[in-house]
Structure formats: structure tokens, C-alpha cells
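The values are calculated or read from the model by the stated rules, or taken from the named source; none is laboratory data. Since this is a predicted model, take the numbers as computed values, not measurements. Virtual Cβ from ideal backbone geometry, glycine too; neighbours counted across all protein chains shown. Each accessible area value is taken on the protein alone, full model and side chains, heavy atoms only, with ligands, DNA and RNA left out. Shrake-Rupley method; radii C 1.70, N 1.55, O 1.52, S 1.80 Å.
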Amino acid sequence: YAPVASGGLGVEASAVGAVLTATGVSILSFQVLMLPCLLKRFSTTGLLRASTLLLVPIVILMPNVSLAPVPLRWPLFVVLISASKALAGAFFTCSFMLINNSVPPGGRGSVQGIAMMLASVSRGVGPVAASMLFAWSLVNGLDVPGLGVRFVFLLSGLMGLVSWLVACRMDDSYNRPVVE
């Protein structure tokens, strides 16, 4: 919704439906067709690391779509959104597979419940906090040249980098379920 001068795409709300449809189809296709193949080919920890690391530059590039030539903005935006959602889906799936593998079968229900509760809280708090930071950067700007509306995306990219560093420290034993 934001004007191009502010780092947005300057589009009407009605165009958002087309983007959501296109990205929804691509995400569903990835989850159903590609992710199972990737999980057969790579370890869960390896796919977690890869999806986390690949997500960082995509998130950081997102606000720069408005700098692309006009005919490329929408296709580039759809590709970046689709890729980010697919990688986030891979990250989420791998995370829960690793959580499942980290406890004996008798404790999986409790651990999955706690993990899902924390994921739900972060899915509720994260967008609110990010949208407040984004709105603040739109209205107030930042004195650091080049940041402005990019601030929240850089912060998200930094958080992704920290997640990748944590994933790199995970032991490959989590790829196998714990048995009782």
C-alpha cells in the first residue's frame, strides 16, 4: 500500500488478492510436491540450515522490489514472496520434525503442544511488532541513510541469521527419532 517513494509498491488493495492467490498456489505446490522430495534427499537438520540461510537474503531484498523497473516489480514481488513462504514452510516443518525427534514417543504430545503454543504466540506477536516498526520507519524515517522502511526487513534478516547460527550448532543425531 505504501507509495513507491516510501519503499512500497504503490498498488491498490484489490491487487493484493492476485498476489495472495499466486503465492498460495506456489506454496501449496512446494509443500506437497517439493518438500517431501527434499526431505528424502537431505537430512532434516541440513534442510533446516539451508532454508534458514536462503531466507535471509530474500527477506532483506523484499523492500528493494520497489527499485526494480516497473514491469518487473510484480513478478519479482510474487517470486520473492513465494520463495520466502516456501522456505518458511520448510523451516517450520523441519523444526517440528526435529522437535519430534528430540523426545521419546511418550513425551511428544506435550512437547509438540508447548512448541505449537510458542509458535502461535510468535505468529501473533511477530507481525504486530514488525508492523509497528515498519509503520514507525515509514512515518518517522531513520537518520541512517538507506534504512527507513528497510529497517524491519534488516532486523528480520538478522534474526534469521541468528536462527541459522543456532541451526548450525544442532547435532545431526536429531535427524533420528529417540526411542524409549
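Just so you know, in the stretch 138-157 the residues that are open to solvent by less than 50 Å² (accessible area, probe 1.4 Å) and not in a helix (DSSP H, G or I) include one that is modelled with the highest pLDDT, and it is LEU147. Taking the stretch 10-100 as the region of interest, the helices (runs of 4 or more DSSP H) fully inside it that hold 3 or more residues being modelled with pLDDT under 90 and surrounded by fewer than 19 Cβ atoms within 10 Å (Cβ to Cβ) are 14-29. If the requirement is being under 25 Å from ARG176 (Cβ atoms) and not in a helix (DSSP H, G or I), which of these qualifies: VAL103, VAL111? Being under 25 Å from ARG176 (Cβ atoms) and not in a helix (DSSP H, G or I) holds for just one of VAL103, VAL111, which is VAL103. Close contacts from the stretch 110-137, counting a first residue that is open to solvent by 50 Å² or more (accessible area, probe 1.4 Å) and a second that is among the β-branched types (Val, Ile, Thr) and at pLDDT below 90, with Cβ to Cβ under 6 Å and a gap of 6+ residues or different chains, come to LEU133/VAL152; PHE134/VAL152.
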